Amino acid sequence: MRIKGGDPSALRRRNLATMLGRMYGQGAQTVTELARSTGLSRPTCEEGVIELVAQGWATEVAPPDPTAARQPGRPAKRYEFNAQAGRVLGVDVGAHKILVTVADLRGKVTSVRRTEVDPALAAKERLAAMGDAVTACLAASAPSADRNPLLAAVIASPGIIDAEGRVLLSNVLPEWTGLNLAEELARILGPGSVDGPIRAENDMRLAALAEQWKGVAAGVPDLVYIHAGHRMGAAVIIDGKPYRGRRGAAGEIGTLGLLDWGNSYRRLLSYVPDSTTGDATLRVFTDLRDGNDRARELVDRFARDLATGVAVMSMTLDPSLVVVGGGISRAGDDITAPVRRHLTDLCLFPPDVEASSLGDESVALGAVRHGLQQVEERLFGLIPSST
């Protein structure tokens, strides 16, 4: 997947990428506007937009003012990035569900498939269920794979995943350990089906990326994401990109005994013995709002333990924002307020703390965004865009 040029020179391709980058980041442009914003000559821009339209990367659009076409003289043609020039696939494979999302090159979701699965499902059966969901989702997202090629595919899953897509360790899905998920997804999609990269990444890391893209951290370049629920963990976004560390284990502090996050969450659930996780968390926060002292004590202790881990990461990274995700995020300010309060006693510069707004679709959305980042890097190279 690349911009083609009749003239094979690097300068020619760079000029085309520059023009397309402006359309991608700034919307529809006239040739005059492109010349002004890129610094390229008008003849270069005129030839460039013709070539980009011919290749399918750009389209001519109607004037923004419908009356302009009826005014004396011909209105200037406007060109915009063609979001339908390709698709991106995001796959979230967890213990209880498989969520597949396909989006266009602007990130607009065109198809979603959700499949509930048994946590005890063997790896072979889980991969088969994933394959069925992926096939159905892709078929529903575009009438023609030729006109809407798949330009990137990303699979997200619990565990430590290396840069090649191999699961080094997964406590949630033990049978996943040793599997190369990027290769498994490539096998499911078939040879030549993706004109671009196929990646695998940790699910919490991609949930953090989704928050930075479409959630409460939209536009925030640096953030710490805390997943608080049945699983406890963290992820880091630096300069708009997930930080992996040497082996893909960055943020894996959820099982650190010194923090005691796991026991702290179980104490919170003990408020309603023998209930489901969702019922217990709902009840404890409902009773907290009703003034129940025991509920307040349990929530405050959990918030204090959570804040201890947040403080360690915040004083190391000094992020702009901390986002609390996972099942506990549904409590909103009832959990973020006490965490903020404890952070004032623990941090030199306490970060702001917000609850996630994306729910359990965040991982699949993050996978889509990660795929779009791969497309942007390949399509525009070093050309900056404002998106």
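The values are calculated or read from the model by the stated rules, or taken from the named source; none is laboratory data. Only a predicted model underlies this, so the values are computations on that prediction, with no experimental measurement involved. Neighbour counts run over all protein chains shown; Cβ positions are idealised from the backbone, glycine included.
Working only within segment 103-120, note down all residues that are among the aliphatic types (A, V, I, L, M) and either touching a strand residue (DSSP E or B) at 6+ places or on another chain (Cβ under 8 Å) or crowded, with 17+ Cβ neighbours inside 10 Å (or both). Break it down into steps so the answer makes sense when it comes.
Just the residues of segment 103-120 that are among the aliphatic types (A, V, I, L, M), to begin with: 103, 105, 109, 112, 117, 120.
Passing the criteria: A103, L105, V109, V112, V117.
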May I ask you to verify whether Y271 is under 20 Å from A307 (Cβ atoms), buried (at least 21 other Cβ atoms within 10 Å of the Cβ) and of a type in the set (S, T, Y)? no
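Kindly indicate which of L181, L185 is within 24 Å of M232 (Cα to Cα) and out of contact with any Phe, Trp or Tyr (no Cβ under 8 Å at 6 or more places or on another chain). Break it down stepwise before answering.
Numbers: L185 fails: within 24 Å of M232 (Cα to Cα).
Going through L181, L185 in turn, the sole match is L181.
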Tally the residues that are modelled with pLDDT under 95, farther than 17 Å from P191 by Cα and not small (G, A, S), restricting the search to segment 122-147. 2
Taking strands (runs of 3 or more DSSP E) that do not extend beyond segment 179-294, which have at least 3 residues that are among the β-branched types (V, I, T) and in the same structural domain as D333 (by TED's automatic domain parsing)? 232-238
Among the listed residues R304, R330, identify the single one that is more than 30 Å from I198 (Cβ to Cβ), modelled with pLDDT of 95 or more and surrounded by fewer than 20 Cβ atoms within 10 Å (Cβ to Cβ). R304
Selection from segment 316-364 of residues in contact with a His (Cβ under 8 Å, 6 or more places away or on another chain) and part of a helix (DSSP H, G or I) yields G327
Segment 71-120, residues that are charged (D, E, K, R), more than 21 Å from the chain's Cα centre (by Cα) and within 21 Å of Q26 (Cβ to Cβ): K77, R78, E80
Which one of these is surrounded by 20 or more Cβ atoms within 10 Å (Cβ to Cβ) and closer than 22 Å to R231 by Cβ: V312, V284? V284
Quick check on S329: is it among the polar types (S, T, N, Q) and farther than 30 Å from A28 by Cα? yes
Reported set for segment 158-197 where residues are on the phi > 0 side of the Ramachandran plot and either basic (K, R) or surrounded by fewer than 14 Cβ atoms within 10 Å (Cβ to Cβ) (or both) is G178, G190, G192
The listed residue being under 13 Å from the mean Cα position of the chain (by Cα), crowded, with 22+ Cβ neighbours inside 10 Å and over 24 Å from K97 (Cα atoms), out of A217, A200, A210, A153: A217
